[in-house]
Amino acid sequence: MNLVMTEDGNCVELQATAERHAFPRSRLLEMMDCAEAGIHRLHDLQKGAIAAGGRTSLWQVPERISAGTFRAGTNHPGRCP
């Protein structure tokens, strides 16, 4: 699934494919919630990097981020922040 959102949570683009097995609407909403959490985290990291004048890496996350596991319609395991 591809999801592009604005900082205030509005969807710009959504693309999802079930590939081998269809999935219910509830799974789509779960995946969108997971993606939205990641997008908000990226926005926060980008703001921090800009505020630091580019002297920090977006990938140097100070705290450990725990992740939950979900399975997409194809049964491939995925990670959710």
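Of the residues making up the stretch 20-29, one or more are surrounded by 12 or more Cβ atoms within 10 Å (Cβ to Cβ), at pLDDT 85 or above and either among the charged types (D, E, K, R) or more than 18 Å from the chain's Cα centre (by Cα) (or both).
Of the numbered criteria (1) modelled with pLDDT under 80; (2) in a loop (DSSP other than H, G, I, E, B), the one residue 8 fails is (1).
Does residue 80 satisfy being modelled with pLDDT of 80 or more and under 14 Å from residue 1 (Cα atoms)?
Considered against the rule, which asks whether it is modelled with pLDDT of 80 or more and under 14 Å from residue 1 (Cα atoms), residue 80 comes out as no.
The values are calculated or read from the model by the stated rules, or taken from the named source; none is laboratory data. Note that the structure is predicted; figures quoted are calculated from it, not measured. For neighbour counting, all protein chains shown are included, and Cβ atoms are generated from backbone atoms with ideal geometry for every residue, glycine included.
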